Amino acid sequence: METAEYLHALESEGLLLAAAAEEAGTDAKVPTCPEWQVRDLVRHTGAVHRWAASYVAEGLTERRPLGEVPDLDGADLVAWYRDSHRHLVDTLAGASPDVECWAFLPAPSPLAFWTRRQAHETAVHRVDAESARGGSPTAVAPDFATDGIDELLRGFHARSRSRVRTPEPRVLRVRTDDTDAVWTVRLSPEPPVTTRGATDEAECELSGPAEQLYLALWNRVPLPAVTGDQALAALWREASGV
């Protein structure tokens, strides 16, 4: 996907998140994140938007903590979220393609990283907001979901903080059945190493439509289908939280 496509996704997903949060109300429970109410979700996502925008807008080259969240609730909190989201979209849209700033996953450029990361951050949390509202969730496009799976497997879980590890080498396969994407995840006492394609025989395969796999791998819905060693699927559910 191109940066412009991520930017479009980020804009639309943020608008959907705000609308769902407004309909649900900030007191509503978030079924996909049982420890949260909608106010927690909105505060977190708005703070992340402002944090991400600051790197690009200010050219920050070192990591810094999330900023303070204003003491708002109800309609005022949702309005603050909308402003945070708009600020992020406008910052990314107006940034120079060669802007230099801190990023925490490999990408063609820092701008490409932040636009992609925030698009997926917002999409997953939009699903959270819609789960609190109830009713039919907005669909995730298969190509976008496939890209999100790739970011999660080859980006987040390549980092040293990933807890998806096994005492002995094991092989997990992830396969979408609507976009023909396949990943081979090699597990060991070290962080997982994921490559595109079915390069080794796998002991367990997680498969299904890209949208369902995307949300399942982010622990928002159950895994669509598991074949082989169920213990590896259980390991993912128990240890893959980011």
(request) Among Thr122, Phe144, His157, pick out the residue whose Cα is farthest towards the positive end of the charge dipole of the stretch 118-166, where Lys and Arg carry +1 and Asp and Glu carry -1 on C-beta, about the Cα centre. (result) His157
(request) Provide the percentage of antiparallel DSSP beta bridges, counting only those with both residues in the chain; round to the nearest 5. (result) 75 percent
(request) List the DSSP H helices in the chain whose Cα atoms stretch 27 Å or more along the helix axis and whose mean Kyte-Doolittle hydropathy is at least -1.0. (result) 3-24, 38-58, 74-94, 110-133
(request) Run the dipole for the stretch 128-242 about the Cα centre, Lys and Arg Cβ at +1, Asp and Glu Cβ at -1, nothing else charged, and hand back the magnitude in debye, nearest 20. (result) 480 debye
(request) For the chain, would you read off the P(r) tail past 31 Å as a percentage of all alpha carbon pairs? (result) 25 percent
(request) Within the stretch 186-201, find all residues whose amide N lies under 20 Å from a label point positioned 7 Å from the Cα of Gln230 along Cα-to-beta-carbon. (result) none
(request) Treating only the Cβ atoms of Lys and Arg (+1) and Asp and Glu (-1) as charged, compute the dipole magnitude of the stretch 27-112 about its Cα centre; round to the nearest 20 debye. (result) 180 debye
(request) Tally the DSSP beta bridges in the stretch 160-242 and give the antiparallel ones as a percent, rounded to 5. (result) 75 percent
(message) At R0 = 30 Å, how high is the FRET efficiency between Arg165 and Arg86 if r is their beta carbon distance? Nearest 0.05 is fine.
(response) 0.15
(request) Mind telling me which of Val78, Val30, Val221 comes out most flexible in a GNM of the chain, alpha-carbon contacts under 10 Å? (result) Val221
(request) About the Cα centre of the chain, how large is the charge dipole given +1 on each Lys and Arg Cβ and -1 on each Asp and Glu Cβ? Please answer in debye to the nearest 20. (result) 560 debye
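None of the figures in this text is laboratory data; all of them are computed from the coordinates on show. Owing to the predicted nature of the structure, the values given are computational and were not obtained by experimental measurement. Positions of Cβ are backbone-derived with ideal geometry, glycine not excepted, and every protein chain shown enters the neighbour counts.
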